[in-house]
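J.: Have a look at this one before I ask anything.
Here, each number is a calculation from the coordinates, and none is a lab measurement. Keep in mind that what you see is a predicted model, and the values were worked out from it rather than measured. Note that we place each Cβ from the backbone using ideal geometry, even for glycine, and neighbour counts take in every protein chain shown.
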């Protein structure tokens, strides 16, 4: 039997937030298996829509540090999506 890797605290927080929506304990495991791909897709879509290239071009005075920080944050969202799907 293969062991399921532990989630990072960030990915676990996302999973916990989704599971909290289920009032029935018995439905949680089943519901999560159905929802995980949807949650991952939503995280990726949000990251794609907030891409710094779309935002920073409009702000001529935006420092490169802002764009780099935003790229890092969006990469983390994508990593969480990958991690959730791999579970």
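J.: Which distance in nm do the two modelled labels at residue 48 and residue 23 give, with both placed 7 Å along the Cα-to-Cβ direction?
T.: 3.5
J.: Further question on the same structure: Sorted from fewest to most neighbouring beta carbons within 10 Å, what does the list 35, 82 look like? Please report the intermediate quantities before stating the final value.
T.: Working: 35 18, 82 13.
By the 10 Å Cβ count, ascending, the order reads 82, 35.
J.: On to the next question. Between residue 34 and residue 12, what is the label-to-label distance in nm when each label sits 7 Å out along the Cα-to-Cβ direction?
T.: 2.7
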